[in-house]
Structure formats: C-alpha cells, structure tokens
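First up is the structure itself, then whatever we jot down about it.
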Amino acid sequence: MTDTDTPDTEPRVALLLGQLDIAWALFEHHLEGIDDRAALWEPAPGAWSVRPGPGGAWTPDWQVPEPDPAPPVTIAWTMWHISYWWSTVHEVCFGGGRAPERTSITWPGSAQAAAGELRGLHAAWRTALEGATAADLDSADRTAALPWPVEMTLGDAAGWVTVELTKNVSEIGLLRHLYLNRPGQRPEASQGAGGERP
C-alpha cells in the first residue's frame, strides 16, 4: 500500500498503483537535466523527432506502416509518444469514451512543458485508477473503444500502461546517457577499462 492508498483500496488496484509508482520514480530520475537541446538531440541520421509546423505546432515524425527496422527516436519524440498513448487510454477509460485523434496530440514546444504535461497525465490516471473496484478491473466496458484489435479489461489496460511507461522511460534514460556521453563531451571516459566509471 502506498501513502495515498486507503484500507478500502481494492488489493489489485494497490498493486497496480505500486508498480506505476516505481515506473514513475524512474521517469522523474531520468528527467533530471533534460533541456530542449537534449530532448531534440538526434542519436543517428534519420531519427524521428518532433518538428515545428507551419502553424507553429510541434508535430511528430510518423509513418504508417511503421518502417522495419523502426528508426531511432529523440527524447522529445518519446515524450510525445507517451502523451499520445496515455491520453488515449485515459480518455477512453475515464473520460468521454472516445480516443483522441493522433494528430490532435502535439509536443508542447519545450522539454519542461512536455514534462509538466506528462505529470498531469500521471496524476489524472493515478487518481482515476485509485477509485476502481474489483468489478471495474474485470470488465471491458471502459476499454471497449480503445483503438487496438485485442480486447482487454481495465485491469489489463492498467497493467499495460505501466509496462509501456517503463519501456519508454528506459528509452529516455538510454538516450539521456548517450547524449551526456556523446563524443567530445566526456573526455575522462577515454581512460579505458582502468578508469572510473562515469
């Protein structure tokens, strides 16, 4: 049980919230020091990112079907991607029941604003999930409008949210480490195997 749970919290909800909290703590850890330059750094040629359009909105690179192999992505693109899928799941499960259009989800223009947006999504999702009952978790009523071919219960969807968040957070963490240790930025890293690990 976490600090915000009550004795009346459905045990499976408490478990899901605890797992979510671990993934979110990792996200906050990797966010430290990510500015706009880091967020928009492209790790390889052809990387997908977010780019300002004619109207000023930052839109993501996108292709259907997805290329194989999938292109590398930037931190900013990954933050947009989290916002896209989390907005979709939250709106369908606890909002109006309809998935937003992908093109309606844009990057807010800075790493700081994107982090604030994701914190808002996290808080809204956690608060909504806290009130779920055992019957809610076992039902697919709230998830029926999700734009995916696989039917899932609310419990399934909540578990998927944490797994997907963990995957995306790990990607952000790796990109952050690559950015901080890119050639010419950490001369001490050339000490070799005998040097202290950064």
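Could you tell me whether the range 14-36 includes any residue that is touching a residue at least 12 places away in the same chain (Cβ under 8 Å), more than 17 Å from the chain's Cα centre (by Cα) and buried (at least 18 other Cβ atoms within 10 Å of the Cβ)?
Checked against the condition, which is being touching a residue at least 12 places away in the same chain (Cβ under 8 Å), more than 17 Å from the chain's Cα centre (by Cα) and buried (at least 18 other Cβ atoms within 10 Å of the Cβ), the range 14-36 yields no hits at all.
Asp36: out of contact with any strand residue (DSSP E or B) (no Cβ under 7 Å at 6 or more places or on another chain), more than 14 Å from Arg126 (Cβ to Cβ) and either modelled with pLDDT of 95 or more or basic (Lys, Arg) (or both), yes or no? Don't jump to the end; show me each part of the working.
Working: out of contact with any strand residue (DSSP E or B) (no Cβ under 7 Å at 6 or more places or on another chain): yes; more than 14 Å from Arg126 (Cβ to Cβ): yes; either modelled with pLDDT of 95 or more or basic (Lys, Arg) (or both): yes.
The answer is yes for Asp36.
Looking at Thr78, Thr9, can you tell me which residue is in contact (Cβ under 8 Å) with a residue 60 or more places away in the chain, within 29 Å of Leu154 (Cβ to Cβ) and more than 20 Å from the chain's Cα centre (by Cα)?
Working: Thr78 fails: more than 20 Å from the chain's Cα centre (by Cα).
That would be Thr9, the only listed residue that is in contact (Cβ under 8 Å) with a residue 60 or more places away in the chain, within 29 Å of Leu154 (Cβ to Cβ) and more than 20 Å from the chain's Cα centre (by Cα).
Any chance the range 149-163 includes a residue that's over 17 Å from the mean Cα position of the chain (by Cα) and hydroxyl-bearing (Ser, Thr, Tyr)?
Step one: filter the range 149-163 for residues over 17 Å from the mean Cα position of the chain (by Cα), giving 149-156.
Narrowing the set further to residues that are hydroxyl-bearing (Ser, Thr, Tyr) leaves 153.
Yes: one or more hits.
Looking only at the range 119-170, filter to residues that are of a type in the set (Phe, Trp, Tyr) and within 22 Å of Pro11 (Cα to Cα); which one of those is surrounded by the most Cβ atoms within 10 Å (Cβ to Cβ)?
Kept after step one, since they are of a type in the set (Phe, Trp, Tyr), are these residues of the range 119-170: 125, 148, 160.
Now restrict to residues that are within 22 Å of Pro11 (Cα to Cα): 125, 160.
On the way: Trp125: 21, Trp160: 17.
Top of the filtered list is Trp125.
Give me the pairs, please: first residue somewhere in the range 38-63 and within 15 Å of Ile105 (Cβ to Cβ), second residue anywhere and exposed (fewer than 14 other Cβ atoms within 10 Å of the Cβ), beta-carbon distance under 6 Å, and either six or more positions apart or on two chains.
Qualifying pairs under 6 Å: Trp58/Pro52; Thr59/Gly53.
Among (1) more than 15 Å from the chain's Cα centre (by Cα); (2) touching a residue at least 60 places away in the same chain (Cβ under 8 Å); (3) surrounded by 18 or more Cβ atoms within 10 Å (Cβ to Cβ), which single condition is Ser110 missing?
Condition not satisfied by Ser110: (3).
Tell me which residues, restricted to the range 44-75, are closer than 25 Å to Gly159 by Cα and buried (at least 20 other Cβ atoms within 10 Å of the Cβ). Before you say what the answer is, go through the steps one by one.
Taking the range 44-75 first, the residues closer than 25 Å to Gly159 by Cα are 66, 70, 73, 75.
Of everything in the range 44-75, those that are closer than 25 Å to Gly159 by Cα and buried (at least 20 other Cβ atoms within 10 Å of the Cβ) turn out to be Val73, Ile75.
Residues checked against (1) within 18 Å of Gly97 (Cβ to Cβ); (2) touching a strand residue (DSSP E or B) at 6+ places or on another chain (Cβ under 9 Å); (3) outside any loop (DSSP other than H, G, I, E, B); (4) polar (S, T, N, Q):
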site	(1), (2), (3), (4)
Thr143	yes, no, no, yes
Glu151	yes, no, no, no
Thr166	no, no, yes, yes
Leu174	no, no, yes, no
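The values are calculated or read from the model by the stated rules, or taken from the named source; none is laboratory data. Computed from a prediction, not measured in an experiment: that's the story for all the values here. So basically every Cβ, Gly included, is an ideal-geometry build from the backbone, and we count neighbours across all protein chains shown.
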